[in-house]
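Chemist: Submitted below is the structure of interest, expressed as structure tokens.
The values are calculated or read from the model by the stated rules, or taken from the named source; none is laboratory data. Since we're looking at a predicted model, the values are computed, not measured. Note that we place each Cβ from the backbone using ideal geometry, even for glycine, and neighbour counts take in every protein chain shown. Accessible surface areas use protein heavy atoms only, side chains included; no ligands, DNA or RNA. Shrake-Rupley method; radii C 1.70, N 1.55, O 1.52, S 1.80 Å.
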Amino acid sequence: MLDHAQNRPELPPEIARRRTFAIISHPDAGKTTLTEKFLLFGGAIQMAGQVRAKGEARRTRSDFMQMEKDRGISVSASAMSFDFGKYRFNLVDTPGHSDFSEDTYRTLTAVDAAVMVIDGAKGVESQTRKLFEVCRLRDLPILTFCNKMDRESRETFDIIDEIQQNLAIDVSPASWPIGRGADFLGCYDLLRNRLELMDRADRNKVGETIVLEGLDDPAMEAHIPPDLLGQLREEIEMARELLPALDPKSVREGHLSPIWFGSAINSFGVKELMDGIAAYAPEPQIQKSESRQIAPEEDKVTGFVFKVQANMDPKHRDRVAFVRLASGHFERGMKLLHVRSKKQMSVASPVLFLAADRELAEEAWAGDIIGIPNHGQLRIGDALSEGEALRFTGIPSFAPELLQACRAGDPMKAKHLDKALTQFAEEGAAKVFKPVFGSGFIVGVVGQLQYEVLASRIELEYGLPVRFEPTQFTSARWVAGDKLAVEKFTAANKQHMATDTDGDPVYMTRLQWDIDRVERDYPDIRLTSIKEMH
Ligand code: GDP
């Protein structure tokens with residue numbers, strides 16, 4: 001295992017050993033396969049393939065999940081914990097579909113690093129780029145895994161160049177592939193001067209490792225045909241000259257990404273990547289709140305809700321709030337202050353997502369993700385503490401890119417519609433606006449697919465068929481300014497105005513021209529497309 005360059009020696013060992021990260025990738029690059037192998041090597045499952053099988057069994061539970069399966073997308077993010085050597089990995093899954101980017105964004109507020117998986121034949125694809133940009137906004141350290149090296153892939157230098165050019169981040173090779181496609185033999189481990197050979201016969205077996213004295217070690221000749229060996233030596237020499245060295249500080253600051261080459265399906269390169277996560281992804285980081293910074297080693301427990309998932313079991317209208325612990329040592333049964341309501345909550349049955357199973361968490365530390373079942377008290381952005389009135393910052397809500405009116409198929413059930421939409425707004429699945437003029441609701445989302453998901457969930461969970469219909473509005477902005485100015489503005493623009501589920505004023509727009517007009521005519525009003533949730 002690589003030596004971990006301990007960045008903050010003051011951290012208690014239980015916190016220092018935690019690595020909380022997400023995997024970002026374009027659909028099909030191999031995220032699921034890599035996750036399975038992580039769990040396999042983390043000792044969490046006996047055989048790769050269980051994640052998928054289990055996922056499918058769970059998904060058949062409801063039509064909504066069926067729809068998710070039919071479309072081959074993962075709507076809901078989940079968290080998994082497993083041990084790797086002396087490390088505790090917390091892997092937070094991000095939804096892959098671009099329509100759910102806001103959810104993804106918030107998921108990334110809960111991690112300290114991201115693993116970017118790219119397909120060696122395809123390079124940087126659109127969804128990878130989008131997700132990367134989100135990581136960049138937060139200066140998240142990024143480790144790259146170039147997958148599917150057992151297939152015909154691009155030239156190694158081309159792949160690295162593309163990442164550097166396209167994503168404007170320096171790349172430093174941690175391993176170097178030998179041969180390509182059918183001739184792919186394995187990698188030279190540049191961090192440890194070892195030869196890693198891939199076993200094509202057994203996909204769950206870790207390949208053979210040959211310890212070498214360096215690139216000139218004659219033992220190489222026994223394993224690599226002369227032409228490939230010559231090419232390898234030449235390429236590595238060039239790489240050492242042209243590419244930056246692996247500087248851990250630069251990785252932590254998000255300027256440099258180490259890259260490993262491998263084949264997830266053949267279990268190849270996965271352990272090296274996991275060693276890399278342990279060594280180069282940071283331990284739980286300091287979190288920001290309005291009043292101060294919160295260090296993970298503080299004694300008192302604090303945490304924030306970054307995701308709410310409702311109806312994990314559709315028979316019970318329960319919800320699970322996913323909480324990232326920002327500091328302290330949490331123990332089951334603890335009483336925590338729910339800052340927004342100023343009420344104490346006894347956290348009696350928190351869930352730790354150990355591998356593929358949900359388990360009751362007896363304890364958890366800063367950096368961990370716990371699930372708290374609740375009946376709707378916990379919302380995205382909420383803070384929990386041992387008494388301090390904290391407000392975490394940086395958990396955003398984005399202005400929707402599509403707006404449609406939502407109507408109940410049965411007008412007698414309009415009340416239920418109110419309830420259903422409020423629930424989805426609190427889950428973060430949609431923005432729900434109540435227009436000042438007229439009746440009904442206007443629902444804002446990022447992608448069209450979300451309307452279909454919402455309609456099917458409202459029907460399934462509330463027995464209420466609904467229709468989504470276009471309106472004259474296309475976008476919405478939150479209105480900020482001093483109270484009097486906002487009141488005056490609202491009164492003068494009633495036909496555009498609505499309130500969101502927190503009661504905050506929202507200006508609905510038809511064209512960019514509407515926004516320009518407000519900016520010109522109301523200098524004391526600010527229209528914003530991002531709102532902090534807390
Ligand atoms: P996801 O959509 O990113 O979760 O991708 P999956 O893990 O579901 O993988 C997509 C497809 O690529 C599946 O058919 C996998 O079996 C395949 N795949 C994953 N890793 C590799 C690999 O290393 N080599 C090859 N040849 N195929 C792979």
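Chemist: Within segment 441-534, list the trypsin sites (Lys or Arg not before Pro) lying in a DSSP loop whose Cβ has at most 15 other Cβ atoms in a 10 Å radius.
Modeler: ARG510
Chemist: Which percent of the Cα-Cα distances in segment 399-532 go past 19 Å?
Modeler: Roughly 48 percent, rounded to a whole number.
Chemist: From the backbone phi of segment 278-283, what are the Karplus-calculated ³J(HN,Hα) couplings (6.51 cos²θ - 1.76 cosθ + 1.60, θ = phi - 60°) in whole Hz, Gly and Pro given as x?
Modeler: 4, 7, 10, 6, x, 6
Chemist: What pairs in LYS31/LYS288; LYS249/LYS300; LYS335/LYS413 have C-alpha atoms more than 32 Å from each other?
Modeler: LYS335/LYS413
Chemist: Run down the lysines and flag those whose C-alpha is under 21 Å from the C-alpha of LYS86, throwing out any fewer than 8 positions away in its chain.
Modeler: Straight-distance partners of LYS86: LYS37, LYS271.
Chemist: Hey, which lysines would be in cross-link range of LYS419, C-alpha to C-alpha under 18 Å, not counting anything within fewer than 8 residues on its own chain?
Modeler: Counting by Cα, and skipping residues close in sequence, LYS419 has these lysines nearby: LYS315, LYS431, LYS434.
Chemist: Amide H to amide H, which residues 5 or more places from VAL115 or on other chains are under 5 Å from it, using H placed in the peptide plane?
Modeler: ALA22, ILE23, ILE24, LEU143
Chemist: Add -39500 (n - 2.57) for each DSSP H run of 4 or more in the chain, then divide by its residues: what number comes out at 222 nm, to the nearest 500 deg cm²/dmol?
Modeler: -8500 deg cm²/dmol
Chemist: Taking the chain as the reference, fit the longest principal axis to its C-alpha atoms, fit the long axis of helix 156-167 to the helix C-alpha atoms, and give the angle between the two in degrees, 0 to 90, nearest 10.
Modeler: Taking Cα atoms only, the helix is inclined about 20 degrees.
Chemist: Over segment 389-463, what number does the Rg to Rh ratio reach, with both radii from the alpha-carbon atoms and Rh per Kirkwood?
Modeler: Radius of gyration relative to Kirkwood radius: 1.01.
Chemist: What ³J(HN,Hα) values, in whole Hz, does the Karplus curve 6.51 cos²θ - 1.76 cosθ + 1.60 give for segment 431-447 when θ = phi - 60°, with x put for Gly and Pro?
Modeler: Rounded to whole hertz, the list is 9, 10, 10, 9, x, 5, 9, x, 10, x, 10, 10, 10, x, 9, 9, x.
Chemist: Continuing with this model, one more query. Over the chain, with the other protein chains present, what is the accessible area per residue in square angstrom, probe 1.4 angstrom?
Modeler: Here the per-residue accessible area is 43 Å².
Chemist: Determine the equivalent ellipsoid of segment 167-231 by diagonalising the alpha-carbon gyration tensor, then write out the semi-axes as square roots of 5 times the eigenvalues, largest first, rounded to whole Å.
Modeler: 19, 17, 13
Chemist: Moving on to the next point. Please turn the phi angles of segment 210-217 into ³J(HN,Hα) values with the Karplus equation 6.51 cos²θ - 1.76 cosθ + 1.60 (θ = phi - 60°), one per residue in order, whole Hz, x for glycine and proline.
Modeler: With coefficients 6.51, -1.76 and 1.60, one gets 10, 7, 10, 7, x, 5, 8, 4 Hz.
Chemist: A further question on this structure: For ARG18, which sequence-distant residues (separation of 5 or more, or a different chain) have an amide H within less than 5 Å of its own amide H, given hydrogens modelled in the peptide plane?
Modeler: Amide H neighbours of ARG18: ARG88.
Chemist: Here is a further query. Using alpha carbons only, how many degrees (0 to 90, rounded to 10) separate the axis of helix 512-521 from the longest principal axis of the chain?
Modeler: 60
Chemist: Sticking with this one: Give me the log10 of I(q) over I(0) for segment 337-468 at q = 0.12, 0.19, 0.22 Å⁻¹, as the Debye formula computes it from C-alpha points; what are the numbers?
Modeler: Ignoring solvent entirely, the Cα scatterers give -0.63, -1.12, -1.24.
Chemist: Then there is this: Rank GLU10, GLU155 by accessible area, highest first, at a 1.4 Å probe radius?
Modeler: Greatest to least solvent exposure: GLU10, GLU155.
Chemist: Treating segment 287-385 as a set of equal point scatterers at the Cα positions, no solvent, please give the Debye-formula log₁₀ I(q)/I(0) at q = 0.11, 0.24, 0.25 Å⁻¹.
Modeler: Scattering profile of segment 287-385, log10 relative to I(0): -0.29, -1.41, -1.51.
Chemist: Given the chain reduced to its alpha-carbon atoms as identical point scatterers, what log10 I(q)/I(0) does the Debye formula return at q = 0.05, 0.06, 0.07 Å⁻¹?
Modeler: These q points yield log10 I(q)/I(0) values of -0.22, -0.32, -0.43.
Chemist: Could I ask something else about it? How much of the DSSP bridge set in the chain is antiparallel, in percent, rounded to the nearest 5?
Modeler: 75
Chemist: Mind listing which GluC sites (Glu not before Pro) in segment 437-502 are in a DSSP loop and have 12 or fewer other Cβ atoms within 10 Å?
Modeler: Loop-located and lightly packed - none at all.
Chemist: Percent of accessible area on segment 287-385 owned by carbon and sulfur, 1.4 Å probe?
Modeler: 48
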